[in-house]
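Reviewing the structure listed below.
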Amino acid sequence: MPSCQAINCVNERGKCGKSFFEIPDPLKSSEKRKLCKLWIDHLRNDKLKIETFVWSKGRVVCEEHFEQDCFERNLMAESLGFKSGRLTLKPGAVPTLVKPGPGVADRQKERTSTKIFQEKRRKAQLRSSVTAFVNTKEKSSNKRTLSESTDSKATKPKKFKSSAAVHPQQSDDISFENVPVHAEQHDKLPLLTIPEILPCGHPCE
């Protein structure tokens, strides 16, 4: 049996005692196509698309999805106190009483969760990339600093201490007073003649 095309509605024609109405055929006219699109948009059924919709008598919507003013009134039946058995839609009526059920809510929640997960993963990947880049820069900087330090030590001239610093007790003045002279060497030493100094201050040869 044909069932209602509204999202999450389980009413079936001939089993629930309700009136059912066929979805307008979009091929009949441009007005019918616009009306059909309005019905499909309000029914919130993912299986129904205006681009691929094919009209059939089984594509129906039950009376629960229409406002009361969408139905034609049978004034004669009302005046006699009778309730009309079969409802009739007014021209241009649209099923606006369609609420998103658990299925729609679950899909929306799932899409939201997926977006949140994708955003978290994108941020984590970005954070990981930044951390890796910083670590690489730090390693490169450390290697360059170590290399410069090694080169500086290799080319730095060594400081040698002067003989005076090494032997601080050694005197710059050399004295011959305590130098021993052997007898053989004494005979070989030249004799020094000290000239006599005259009263005038000139040496006398």
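Every number in this text was worked out from the coordinates using simple rules, so none of it is lab data. Values in this document were obtained by computation on a predicted structure and should not be read as measured data. Neighbour counts run over all protein chains shown; Cβ positions are idealised from the backbone, glycine included.
Normalising by residue count, the stretch 1-147 has a Cα convex hull of 174 Å³ per residue. Peptide packing: for 5-13, 85-93, 65-73, the average count of neighbouring Cβ atoms within 10 Å per residue gives the ranking 5-13, 65-73, 85-93, highest mean first.
On full extension, the segment bounded by Glu72 and Gln118 gains 11.4 nm, given 0.36 nm per residue less the C-alpha separation. Structure shown: which of Lys15/Lys49; Lys57/Lys99; Lys37/Lys57; Lys57/Lys83; Lys34/Lys90 lie over 19 Å apart, alpha-carbon to alpha-carbon? Check vs 19 Å cut-off fails for Lys15/Lys49; Lys57/Lys99; Lys57/Lys83.
Using 0.36 nm per residue and subtracting the Cα-Cα separation, the extra length available between Arg86 and Val10 on full extension is 25.4 nm. The Cα trace of the stretch 20-99 gives Rg and Dmax of 14.1, 46 Å, the first to one decimal, the second as a whole number.
How long is the gain from Ala132 to Ser3 if the chain were fully straight, where each residue apart is worth 0.36 nm and the alpha carbon distance is subtracted?
On the way: separation 129, 0.36 × 129 = 46.44 nm, distance 5.87 nm.
Going from the current span to full extension adds 40.6 nm.
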